[in-house]
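Worksheet: the structure to be examined is printed underneath.
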Amino acid sequence: MAIGITGFQVLMTLALIVLSTQFRSPSLGNVRPVLLVVLLGGSPVLIFAGLWQLRRYQWRWRKFAGLGVVFLGVISLTITVVTQAQFYWQKYQVVFNAPVEQVAPLGARFMVGYKNVEDVIRLVEQQAIAGVFVTTRNIENRSYFALQKELEMLQTIRKNKGLSPLWIATDQEGGIVSRLSPPLTDLPPLSDVVAKGETLEDKKRVVVDYAKTQGQGLSDLGINVNFAPVVDLNQGVINPRDRYSQIYRRAISEDSTIVTTVARWYCETLAQFKVQCTIKHFPGLGRVETDTHVAAAELNTPIQVLEKEDWLPFREIMKNAEVWTMLSHVKLTALDEQYPVSFSQKVIQGLIREEWGYEGILITDDICMKAFYQNQGSIYEATKQALDAGVDFLLIAYDPDLYYPVMANLLRELD
């Protein structure tokens, strides 16, 4: 029995070491508070158990096992404390120590999600961000009016500083990606709506009505950017391991002409309510099997094929510089085998800015996705490359804590 307990203790301390090195990973953002309790509580318990093992048993191998548990427990606790202390130091540097004149130019390139409104208030006051991302967690167990007042308060802070309005964004595509439904009207995916129209006039009518419902709801709440529509073509790719992207369920159509026409109607209608549309996810995820939320992915289709099919909606709609474009984290291997599109100089500067002449806003998909931060370099190198390549906004949505180390690193670059 004692042997089993000792072995279990060693395994537990090893598990805690792994967790202590990973608990600041963006993908663990939603469970980090629980992990922190486990790490700060579990490590001392195991250290005590190891000391008890040393004191109780005379046999050498058991003492050795107890010593190992103590040693590993101390390592786990040390990594946790140091990592957490480093995070709070980075947060302090960004929020309280860095001069506004240094923070503001960099902050103008970030849109962030938030869990704690007090944190985001401070960032707005410091001019440390250009916008916020609002999602399900911001409306759960709260009223519509509470969120509306909260967003009005953030805009008032900006106005009182004589700054342009804050960009306030959400993902309200309709269908499976409807982050603010409820309270906003829960609508089906655009593909379902388009399919109901028998003629072109019918399709336009139902799409415009759909967009009016969304535009009015978003505008009334205080949202001025919607990360929609999806203009990836439905290529019929279905991967059971794809838990989050599921483009086949979100795409408007497999027909590039229909996608282009519907997306244009949609964007024009949202604009009537002063809500900015965002076409996504360039260069198109319809052919990609791997979910970029959880792993690196590649788009290996030849450029000639993409130009004739997948890129037609992007090219046509991007002729309007008022439209925003979201960059995915897939590698467009025909142009750049090394870096994902979201921070590829060859794609952003070479293709989009120079060859296509697009002067509109480029925003990354959420950089908390593994395809971005688990690249061959560091996440800090990736964010700097993205900005240098010509991205206007970096989106940090899932794990707001990631903003502080990223910004702290950019500020260090200025020293």
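Some notes on this structure:
- Which listed pairs, of Lys203/Lys308; Lys203/Lys331; Lys308/Lys370, have C-alpha distances above 28 Å, in listed order: Lys203/Lys331; Lys308/Lys370
- Residue list for the range 6-49, given a label point 7 angstrom along the Cα-to-Cβ vector of Arg243 and an amide N cut-off under 13 Å: 27-31
- Gain upon complete extension [Gln148, Tyr88; 0.36 nm per residue less C-alpha separation]: 18.6 nm
- Within the accessible area of the chain (1.4 Å probe), percent carbon and sulfur: 55 percent
- Ordering of 85-95, 66-76 by packing [mean C-beta count within 10 Å, highest first]: 66-76, 85-95
- Here the relative contact order of the range 70-219, from alpha carbon pairs under 8 Å that lie six or more residues apart, stands at 14 percent.
- Charged-residue dipole, Cβ positions (Lys, Arg, Asp, Glu), the range 188-245 about Cα centre, Debye nearest 20: 100 debye
- Charge sum, other residues only, whose C-beta stays under 11 Å from Ile238's C-beta, Lys/Arg counted +1 and Asp/Glu -1: 0
- Potential lengthening of the chain between Ser378 and Arg315 amounts to 19.5 nm, from the contour at 0.36 nm per residue minus the alpha-carbon distance.
- Evaluated with a Cβ-only charge set (Lys, Arg +1; Asp, Glu -1), the range 63-194 carries a dipole of roughly 440 debye about its Cα centre, given to the nearest 20.
- Mean Cβ neighbour count within 10 Å, used as a protection proxy, ranking 357-366, 197-206 highest first: 357-366, 197-206
- Across the range 312-415, C-alpha contacts under 8 Å between residues 6 or more apart give a mean separation that, scaled by the residue count, equals a relative contact order of 27 percent.
- Qualifying aspartates and glutamates (Cα of each under 18 Å from Cα of Lys319; at least 8 residues distant if same chain): Asp232, Glu268, Glu307, Glu309, Asp310, Glu354, Glu355, Glu359, Asp392
- Counting only DSSP beta bridges with both residues in the chain, the antiparallel share comes to about 10 percent.
- The alpha carbons of the chain occupy a box of 87, 49, 43 Å along the principal axes, longest dimension given first.
- Surface accessible to a 1.4 Å probe, per residue, for the residues of the chain, Å²: 46 Å²
- Under 21 Å from Lys149, Cα to Cα: lysines that are on another chain or at least 8 residues apart: Lys115, Lys159, Lys161, Lys274
- Gain upon complete extension [Ser219, Phe96; 0.36 nm per residue less C-alpha separation]: 41.0 nm
- The chain - percent relative contact order, Cα under 8 Å, separation 6 or more: 14 percent
- Each Lys and Arg Cβ is given +1 and each Asp and Glu Cβ -1; about its Cα centre, the chain then shows a dipole of about 1880 debye.
- Dipole axis of the range 243-307 (+1 Lys, Arg; -1 Asp, Glu on Cβ), positive-most option in Ser256, Gln246, Thr269: Thr269
- In this structure, the amide hydrogen of Val134, modeled 1.01 Å from its nitrogen in the peptide plane, lies closer than 5 angstrom to those of Ala169, Thr170, counting only residues at least 5 positions away or on a different chain.
- In the range 128-181, taking the dipole from charged Cβ atoms about the Cα centre, the farthest positive-side position among Ala146, Val134, Thr170 is held by Ala146.
The values are calculated or read from the model by the stated rules, or taken from the named source; none is laboratory data. Predicted, not measured: the structure shown is a model, and the values here were computed from it. All Cβ positions, even for glycine, are placed from backbone atoms using ideal geometry, and neighbour counts span all protein chains on display. To get the accessible areas, we keep the full protein, side chains included, count just its heavy atoms, and leave off ligands, DNA and RNA. Shrake-Rupley method; radii C 1.70, N 1.55, O 1.52, S 1.80 Å.
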